[in-house]
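**Q** One structure, pasted below without further comment.
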Amino acid sequence: MIHQYDEPVYLISVVAKILDIHPQTLRQYERENLVSPSRSNGRIRLYSQRDIDRIKLILRLTRELGVNLAGVDIILRLKINVDEMEQEIAELRHEVQKSKNSHSVSPDKALVTKRSLYDIIIFEE
């Protein structure tokens, strides 16, 4: 059975076993707001694949790079900001490319609207 990336399906014990960490470590990450697993109706923590990948990143930062949890929190927030900015840049590049391909600027963004083949602009003194 294939699950969606954001679908909460893994119990804390399964995630702990997959990542070879103690369940208490996962609870600590949740207390520190580094990860927010979903909850079932019975209040059981359910992790998605996205949560697991985030925990893997946290473990890499703490184990391999020696970053403390406060530092991890800052890094994760900065990563979100960078991802949002990269998305915005991609959208702006797409708009610029679209504008270049149409060889004109959209009327709502133009300083001078084009009414005929020849436009004359007269400046009054």
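**Q** In percent, what relative contact order does segment 10-102 have, based on Cα pairs under 8 Å that are 6 or more apart in sequence?
**A** The normalised contact order for segment 10-102 reaches 20 percent.
**Q** Find how many whole Å separate the alpha carbon centroid of segment 68-86 from the alpha carbon centroid of segment 1-62.
**A** Between the Cα centres of segment 1-62 and segment 68-86 lies a distance of 18 Å.
**Q** Please state the shape class of segment 15-87: rounded when a/c is under 1.5, otherwise prolate if a/b exceeds b/c and oblate if not, all from the C-alpha gyration tensor.
**A** Values: a/c = 1.95, a/b = 1.33, b/c = 1.47.
Verdict is oblate for segment 15-87.
**Q** Something else: Only loop residues by DSSP count here, and only those with at most 11 other Cβ atoms within 10 Å; note down the trypsin sites (Lys or Arg not before Pro) in segment 9-48 that meet that.
**A** Numbers: sites: LYS17, ARG27, ARG31, ARG39, ARG43, ARG45; in loops: ARG43.
Hits after loop and neighbour filter: ARG43.
**Q** Using amide H atoms built in the peptide plane, which far-off residues or other-chain residues are under 5 Å from TYR47 H to H?
**A** VAL9, TYR10, LEU11
**Q** Kindly provide the chymotrypsin sites (Phe, Trp or Tyr not before Pro) of segment 1-77 that DSSP labels as loop, not H, G, I, E or B, and whose Cβ sees at most 13 other Cβ atoms within 10 Å.
**A** Answer by residue number: TYR5.
No value in this document is a laboratory result; all are computed from the given coordinates. Here the structure is a predicted model, which means the values were calculated and not measured. Virtual Cβ from ideal backbone geometry, glycine too; neighbours counted across all protein chains shown.
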